[in-house]
Amino acid sequence: MASSLQNQGSITYLTQREAAEIDEILMGPLGFSVDQLMELAGLSVATSMAEVYKPSEYNRVLAICGPGNNGGDGLVAARHLYHFGYKPFVCYPKRTSKPLYSGLVTQLESLSIPFLSVDELPVDWSNDFDILVDAMFGFSFHGAPRPPFDNLIEKLVHLNNYKQRQQKSPVIVSVDIPSGWHVEEGDVNGEGIKPDMLVSLTAPKLCAKKFSGPHHFLGGRFVPPSIAEKYKLHLPPYPGTSMCVRIGKPPQIDISALRENYMSPDFLEEQVEADPIDQFRKWFDDAVAAGLKEPNAMALSTTGKDGKPSSRMVLLKSVDKDGFVWYTNYESRKARELSENSHASLLFYWDGLNRQVRVEGSVQKVSDDESEQYFHSRPRGSQIGAIVSKQSTIVPGRHVLHQLYKELEEKYSDGSLIPKPKHWGGYRLQPERFEFWQGQQSRLHDRCLLYLGNRRTGSRI
Ligand SMILES: NC(=O)C1=CN([C@@H]2O[C@H](COP(=O)(O)OP(=O)(O)OC[C@H]3O[C@@H](n4cnc5c(N)ncnc54)[C@H](OP(=O)(O)O)[C@@H]3O)[C@@H](O)[C@H]2O)[C@@H](O)CC1
Ligand SMILES: Cc1cc2nc3c(=O)[nH]c(=O)nc-3n(C[C@H](O)[C@H](O)[C@H](O)COP(=O)(O)O)c2cc1C
Ligand SMILES: Cc1ncc(COP(=O)(O)O)c(C=O)c1O
Ligand SMILES: [K+]
């Protein structure tokens, strides 16, 4: 899931003392166990990483885990990363015998995740790993790092020099605190780790103000309001069901470099339903089952007599052998264009499934009865909205719409029938031609072209 952009405002940063206090409150009066918090923290780290570094590109992850809870977060993250499709390795030189930690180690071993001792680590990390997870020290770090972590931190610092020389080098993801940094002062002498990503847990610590890498995320979605109030925490809201949220602006990106390499099961000709409507239903059901947002949203393209195409999104409201139905304003631009040229096309794009469907055909209005029936099935607010909206016209201001809306809301507050305005109703596109597209690797996609009642060709282009 994508992280929110609504969090550009001020953010609260915690002192070391406050971070430790919150920890104590969570695990004392608030009834959390360390296992629970660690599981959620590690999951947040893994999901933050997956938002930025796709496993298809950044596959080999070395999690370097320290002796305390920060190290535990790293062990949990490694397990989730495995399940997300990464290939994790773990370096965990100072183990504790506490059951929580030995359990985490056993879980990783059962997934055949290799544990590398410090001596087994390759000399040059840049060839062997795509991501280095720094889970050595968190908010209880103090003083100067002791062996063997001093050398491990040095190795990470050294990688920054590689980057400066523009050589290929793994990215560094720090958990909660860039290890070796002062928890409040940050990278005091400027010679510490310079992570590409920092995942702050619960709330960022003061040192995070000094983080200048491209990706700062917040994780640990378990802070109850009582703590937020007590510590006056001002934190970005987590979007939807996400376990992480980006803090601050997303980095400037090179638009030309934005691309996905689609990986999908083969879409073979012999799997295609003979009737394209059946094939459409099958893919539509898949889109619903995958939990995609508004799978019935489709782009409708029309052209009037001037031959200039125009597109907009509308919502599919029914589909059967007779065609694809949506509802709109009969005085809108699309309505005018359809009255001049009944040929139109529909486009569905189901992002999460790497699928696109094109449908082309001719369009007619649905019967008045059908529009009437559908109109009254809509929420009353939308029914009034349809009366108020003079679609595709310029309004003097939103207040005009609100005023009229309020008047009609009062008028129909007794629950009486809201009459369907004449200018509102449905259209049905009778399909003639379909194209089903399944994204595949290296742009060699599966495309299947079907004409209604008569299957023509399947091709890869
Ligand atoms: N709500 C929360 O708060 C949550 C917190 N969570 C996580 O817990 C982290 C805090 O964990 P933590 O308290 O265990 O401390 P952490 O920083 O991992 O290390 C302590 C160990 O390091 C050692 N050590 C210290 N300095 C050293 C040095 N210079 N050189 C060498 N060793 C040194 C120290 O040994 P000592 O000095 O005591 O002998 C001890 O063994 C936090 O940042 C977050 O990641 C999440 O899991 C869940 C929610
Ligand atoms: C996801 C989505 C669904 C939409 N569904 C409809 C719809 O079902 N009917 C409609 O009239 N407008 C819908 N709209 C608004 C249209 O895209 C468009 O702004 C409006 O119909 C005016 O288009 P026109 O001026 O080209 O006629 C939707 C917009 C979005 C983004
Ligand atoms: C202007 C307009 N009309 C109609 C619809 C379809 O709404 P409903 O699902 O209530 O029919 C939408 C949906 O976004 C819309 O924006
Ligand atoms: K760390």
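See the values below:
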item	result
Criterion violated by residue 55 - all others in (1) open to solvent by less than 50 Å² (accessible area, probe 1.4 Å); (2) in contact with a strand residue (DSSP E or B) (Cβ under 9 Å, 6 or more places away or on another chain); (3) not in a loop (DSSP other than H, G, I, E, B) satisfied	(3)
Breaking point among (1) open to solvent by 50 Å² or more (accessible area, probe 1.4 Å); (2) farther than 22 Å from residue 143 by Cα, for residue 213	(1)
Given (1) assigned to a strand (DSSP E or B); (2) within 17 Å of residue 129 (Cα to Cα), index of the condition residue 195 fails	(1)
Residue match in segment 137-152 (condition: away from ligand 1 (no atom under 15 Å from the Cβ), surrounded by 18 or more Cβ atoms within 10 Å (Cβ to Cβ) and assigned by TED's automatic domain parsing to the domain that holds residue 245)	no
Tally of residues being modelled with pLDDT under 95 and hydroxyl-bearing (Ser, Thr, Tyr) across segment 145-184	2
Test: residue in segment 303-312 that is in contact (Cβ under 8 Å) with a residue 40 or more places away in the chain and under 30 Å from residue 197 (Cα atoms)	no
Where a residue in segment 83-100 is modelled with pLDDT of 95 or more and its partner, wherever it lies, is aliphatic (A, V, I, L, M) and open to solvent by 40 Å² or more (accessible area, probe 1.4 Å), with Cβ under 8 Å and at least six apart	91/118; 93/118; 100/34
Some residue of segment 113-135 being within 13 Å of ligand 1 (Cβ to nearest atom) and open to solvent by 50 Å² or more (accessible area, probe 1.4 Å)	no
Only one of 306, 266, 320, 278 that is exposed (fewer than 14 other Cβ atoms within 10 Å of the Cβ), closer than 21 Å to residue 364 by Cβ and away from ligand 1 (no atom under 16 Å from the Cβ)	320
Those residues of segment 67-107 which are within 11 Å of ligand 1 (Cβ to nearest atom), farther than 18 Å from residue 220 by Cβ and either buried (at least 22 other Cβ atoms within 10 Å of the Cβ) or polar (S, T, N, Q) (or both), in sequence order	96
Selection from segment 365-422 of residues that are hydroxyl-bearing (Ser, Thr, Tyr) and more than 26 Å from residue 317 (Cα to Cα)	413
Which listed residue is within 12 Å of ligand 2 (Cβ to nearest atom) and small (Gly, Ala, Ser), from 311, 345	311
Qualifying residue in segment 384-405 (condition: in a strand (DSSP E or B), in the same structural domain as residue 284 (by TED's automatic domain parsing), closer than 26 Å to residue 293 by Cβ and touching a Ser or Thr at 6+ places or on another chain (Cβ under 9 Å))	no
All positions within segment 287-303 that are within 11 Å of ligand 3 (Cβ to nearest atom) and open to solvent by 50 Å² or more (accessible area, probe 1.4 Å)	294
Yes/no for residue 88 being touching a Cys at 6+ places or on another chain (Cβ under 9 Å) and outside any helix (DSSP H, G or I)	no
Any hit, segment 187-202, residues being open to solvent by 20 Å² or more (accessible area, probe 1.4 Å) and in contact (Cβ under 8 Å) with a residue 40 or more places away in the chain	yes
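The values are calculated or read from the model by the stated rules, or taken from the named source; none is laboratory data. Keep in mind the model is a prediction, meaning the values are calculated, not measured. Positions of Cβ are generated from backbone atoms using ideal geometry, with glycine treated the same way; all protein chains shown enter the neighbour counts. When the accessible area is computed, the model is the full protein with side chains, heavy atoms only, and any ligands, DNA or RNA have been set aside. Shrake-Rupley method; radii C 1.70, N 1.55, O 1.52, S 1.80 Å.
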